[in-house]
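Report on the following structure.
The values are calculated or read from the model by the stated rules, or taken from the named source; none is laboratory data. Treat the numbers as computed from the prediction; the structure is a model and nothing was measured. When we count neighbours, we look across all protein chains shown, and the Cβ atoms used for this are built from the backbone with ideal geometry, even at glycine. To get the accessible areas, we keep the full protein, side chains included, count just its heavy atoms, and leave off ligands, DNA and RNA. Shrake-Rupley method; radii C 1.70, N 1.55, O 1.52, S 1.80 Å.
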Amino acid sequence: MCGIIGSTGEAATLNDLVEGLARLEYRGYDSAGVAVARADGTLERIRAVDGTGSLRLLAELAKDRSDGYIAGLGHTRWATHGRVTTDNAHPHMDCSGEVGVVHNGIVENFRELKEELEQAGHVFSSQTDTEVIAHLLESYLKDGLSLKDAVMSSVARLRGAMSFVAINAKDPKVMVATKRMAPLIVGKGDKANFVASDIPAILGKADVFYQIGDDQVVTVSPEAIELFDLAGKPFELKEIVVEWDLEAAARGGFRDFMSKEIFEQPNAVRDSLVGRMNAKGEIALDEMRLDPEELRKINKIFIVGCGTSYHAGMVAKYAVEHWTRIPTELDISSEFRYRDPVLDQQTLVIGVSQSGETLDTMAAMNEAALLGAKTLVVSNVMGSSMARAADAALYTRAGPEIGVAATKTHTAQISALMLLALYLAQVRHSLYPSEISDIYSEMLRLPDKIDEVLVGDAAIEEVAQSMATVKKFYFIGRHVGYPVALEGALKLKEISYLPAEGYPAGELKHGPIAMIDSDAVVFGIVTRTRLWEKMISNIEEVRVRGAKIVLIANNGDVESISLGDAVFEVPQTHPLLAPILDVIPLQLFAYHLAVALGHDVDRPRNLAKTVTVE
Ligand code: F6R
């Protein structure tokens, strides 16, 4: 899951590539590199390997080297094949050094291709799977093919999910790019054109953005952008509507993207919710492409997702079953298709993916479609691969999320999934219209309630700082408090690198309670729901074993508050909506603890924002 970019045209510069890569850094930062085609017919490569400092180093190395720039490629790497070394950093080249390639994804059959190419005399200089693409292109170019035809012939031989961009120093103005189950878009600017893994990378440089479909090939020159299938048949370009601006993709005065995004949650939730009820008082999800008649026939639902999106899906399962009475299963995407799920035409599979590009979720959705199920994706990215492939898409409107740890997209996801649950209840008449409009009205109050939670930031920071030496954390909750506990633990793990476990509170006594002692900190979600009393008993159980207790409780709930060594208060809401508020203090706690430990919260080690490998 690397980030790739390319630019060509009179106004294109090396700086565009470096700036674009900085905005793609969330996709990986093991190394960074550019290849620049110059007017003298050479392809110059600059590569930097310095962990989270790779891009900074690249920017230094590339400074003032735009002279004679005609076109160029850039790459930020999340290593899969080959260790993190300069030789393995992209761009990769052919034997002649004239063909440059940047690539995201995995060439699954690279070993057999490499063997074949080596037997034909090609000499490899890296351990990457990517380099086979450069040499394959070289062999087709030697046969007299154009770069476009060489890319088409190569794609037909490559297995796996990937996108790549290629350039030939002999005809440097024309970049050729392609994708298969990996993100890639094209941007048209005034005097320069671009390709990139995602839109923020070229926001402010390109004005119009186009989709590329799987197994399509796009040629991008300063004068034209043309799209073809692998047989060379031309395709009309489809524009992507982009509502984000450059400012939205920048830090806006915050210390880092993660804190900015946590504080953007009132807007992310509001924007995802407003305008979803029509004048007749019905939930109206305009972008949905599934016919209400089809939704009435659904008799089983699966929700699939990874990580934070899986946790949002878990909250949704409670609401969908409660409001619609449709049996609903929840699966981790990477497990779903390997467990032989029972699906048919009356099954709806809901994929939850902020990026809309996560390979495991995309593969799960594809599997579901193959088995005849209806598919619907909840995504934050319009025109993402999953949104295009699914029968229906419901968008969260959280704006671009740059911090690797998902925050605002998570609460926006839960909001959108709740809307979807209400919509299903509406078309199937399983709730009264007045119940639906009451819940929707309460949803519209959530942004203000989130603001109230955020006011507690300084107090949460103080508690986090006081716990900077704690070595083990547990998070417990019941019912919809359970996914909140899982998400609290995940946030802490990914940015603090500390052991943190989330458990359903009732399960503690079946094993995990053995780990509880006075070194442990236990977070409990004790906001008022039907299971509050049981939750309180579970808190007592860990308290008497010496653990330090931190509670997420409703404002002024003295009974709960008296049990905590520290308490983060949140306003009361509908019990099924509570996770949207309850998770926020846990995001803030994880954030402040990671900052106190001196970690880079936007770029946690070993992680990438969009996971496009299996
Ligand atoms: C955690 C996090 C990941 C993602 C997961 C799925 O903070 O961001 O766990 O939630 O990789 O990504 P999407 O939602 O893009 O499919």
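Could you check the stretch 351-379 and list, in sequence order, the residues that are among the acidic types (D, E) and either closer than 11 Å to D391 by Cα or within 15 Å of the ligand (Cβ to nearest atom) (or both)? Reasoning before the result, please.
Our first condition is that a residue be among the acidic types (D, E); within the stretch 351-379, this holds for 357, 360, 367.
Across the stretch 351-379, the qualifying residues are E357, D360.
Only residues that are more than 14 Å from K173 (Cα to Cα) and touching a residue at least 60 places away in the same chain (Cβ under 8 Å): list them for the stretch 218-230, please.
Here is the first cut: in the stretch 218-230, the residues more than 14 Å from K173 (Cα to Cα) are 227-230.
The answer is F228, L230.
Yes or no: the stretch 538-549 includes at least one residue that is hydrophobic (A, V, I, L, M, F, W, C), outside any helix (DSSP H, G or I) and buried (at least 20 other Cβ atoms within 10 Å of the Cβ). Talk me through it step by step, then tell me what you get.
Within the stretch 538-549, the first condition is being hydrophobic (A, V, I, L, M, F, W, C), and the residues that meet it are 539, 542, 544, 547, 549.
Retained after the next criterion (residues that are outside any helix (DSSP H, G or I)): 544, 547, 549.
With buried (at least 20 other Cβ atoms within 10 Å of the Cβ) added as a condition, the list becomes 547.
Yes: one or more hits.
Tell me which of these I303 doesn't satisfy, since it passes every other one: (1) within 16 Å of the ligand (Cβ to nearest atom); (2) on the phi > 0 side of the Ramachandran plot.
All conditions are met except number (2).
For residues in the stretch 438-455 being open to solvent by 30 Å² or more (accessible area, probe 1.4 Å) and touching a helix residue (DSSP H, G or I) at 6+ places or on another chain (Cβ under 9 Å), which is farthest from V567 (Cα to Cα)?
So the residue we want is L444.
Is it the case that E287 is surrounded by fewer than 19 Cβ atoms within 10 Å (Cβ to Cβ), more than 16 Å from the ligand (Cβ to nearest atom), over 18 Å from V377 (Cα atoms) and not assigned by TED's automatic domain parsing to the domain that holds I495?
Numbers: surrounded by fewer than 19 Cβ atoms within 10 Å (Cβ to Cβ): yes; more than 16 Å from the ligand (Cβ to nearest atom): yes; over 18 Å from V377 (Cα atoms): no; not assigned by TED's automatic domain parsing to the domain that holds I495: yes.
So E287 fails the test.
For the stretch 570-603, which residues satisfy the criterion of being part of a loop (DSSP other than H, G, I, E, B) and over 29 Å from A22 (Cα atoms)?
Of all residues in the stretch 570-603, those part of a loop (DSSP other than H, G, I, E, B) come to 571-574, 597-603.
Correct list: P571, Q572, T573, H574.
I need the full set of residues from the stretch 249-281 which are open to solvent by less than 60 Å² (accessible area, probe 1.4 Å) and touching a Pro at 6+ places or on another chain (Cβ under 6 Å), in order please. Even if it seems obvious, please write down each step before you answer.
The initial filter retains those residues of the stretch 249-281 that are open to solvent by less than 60 Å² (accessible area, probe 1.4 Å), namely 249-250, 252, 256-262, 264-266, 268-269, 272-273, 276-278, 281.
Selection gives A249, P266, V269.
Could you check how many residues of the stretch 307-329 are surrounded by fewer than 20 Cβ atoms within 10 Å (Cβ to Cβ) and either within 16 Å of the ligand (Cβ to nearest atom) or assigned to a helix (DSSP H, G or I) (or both)?
Of the residues in that region, 3 qualify.
Would you be able to say whether some residue in the stretch 248-263 is away from the ligand (no atom under 16 Å from the Cβ), at pLDDT 90 or above and either within 21 Å of the chain's Cα centre (by Cα) or charged (D, E, K, R) (or both)?
Residues of the stretch 248-263 away from the ligand (no atom under 16 Å from the Cβ): 248-255, 263.
Now narrow it down to the ones that are at pLDDT 90 or above: 263.
From what's left, either within 21 Å of the chain's Cα centre (by Cα) or charged (D, E, K, R) (or both): 263.
Checked against the condition, which is being away from the ligand (no atom under 16 Å from the Cβ), at pLDDT 90 or above and either within 21 Å of the chain's Cα centre (by Cα) or charged (D, E, K, R) (or both), the stretch 248-263 yields at least one hit.
Quick check: is even one residue across the stretch 337-350 surrounded by 24 or more Cβ atoms within 10 Å (Cβ to Cβ), more than 14 Å from the ligand (Cβ to nearest atom) and of a type outside the set (F, W, Y)? Please lay out each step first, then the result.
Step one: list which residues in the stretch 337-350 are surrounded by 24 or more Cβ atoms within 10 Å (Cβ to Cβ), which gives 348-350.
In the following step, the residues that additionally are more than 14 Å from the ligand (Cβ to nearest atom) were identified as 348-349.
Now restrict to residues that are of a type outside the set (F, W, Y): 348-349.
Among the residues of the stretch 337-350, at least one is surrounded by 24 or more Cβ atoms within 10 Å (Cβ to Cβ), more than 14 Å from the ligand (Cβ to nearest atom) and of a type outside the set (F, W, Y), which makes the answer yes.
Of the residues V601, V613, V583, V567, which is farther than 24 Å from A268 by Cβ, β-branched (V, I, T) and under 22 Å from the mean Cα position of the chain (by Cα)?
Numbers: V601 fails: farther than 24 Å from A268 by Cβ; V583 fails: farther than 24 Å from A268 by Cβ; V567 fails: under 22 Å from the mean Cα position of the chain (by Cα).
Among V601, V613, V583, V567, only V613 is farther than 24 Å from A268 by Cβ, β-branched (V, I, T) and under 22 Å from the mean Cα position of the chain (by Cα).
When residues of the stretch 156-165 are filtered for being crowded, with 21+ Cβ neighbours inside 10 Å and not aromatic (F, W, Y), how many remain? First the steps, then the outcome.
In the first step, residues of the stretch 156-165 are kept if they are crowded, with 21+ Cβ neighbours inside 10 Å; the result is 158, 161-165.
Next cut, not aromatic (F, W, Y) only: 158, 161-163, 165.
So the count comes out to 5.
Name the residues in the stretch 14-60 that are open to solvent by 10 Å² or more (accessible area, probe 1.4 Å) and closer than 16 Å to L203 by Cβ, would you?
Correct list: N15, D16, V18, E19, A22, R23, E25, Y26.
Being touching a strand residue (DSSP E or B) at 6+ places or on another chain (Cβ under 8 Å), farther than 20 Å from G598 by Cβ, hydrophobic (A, V, I, L, M, F, W, C) and in contact (Cβ under 8 Å) with a residue 24 or more places away in the chain: is that true of I525 here?
yes
What are the residue pairs meeting all of these: first residue in the stretch 282-310, first residue of a type in the set (S, T, N, Q), second residue away from the ligand (no atom under 16 Å from the Cβ), Cβ atoms under 7 Å, and 6 or more apart or on different chains?
N299/I326; N299/Q346
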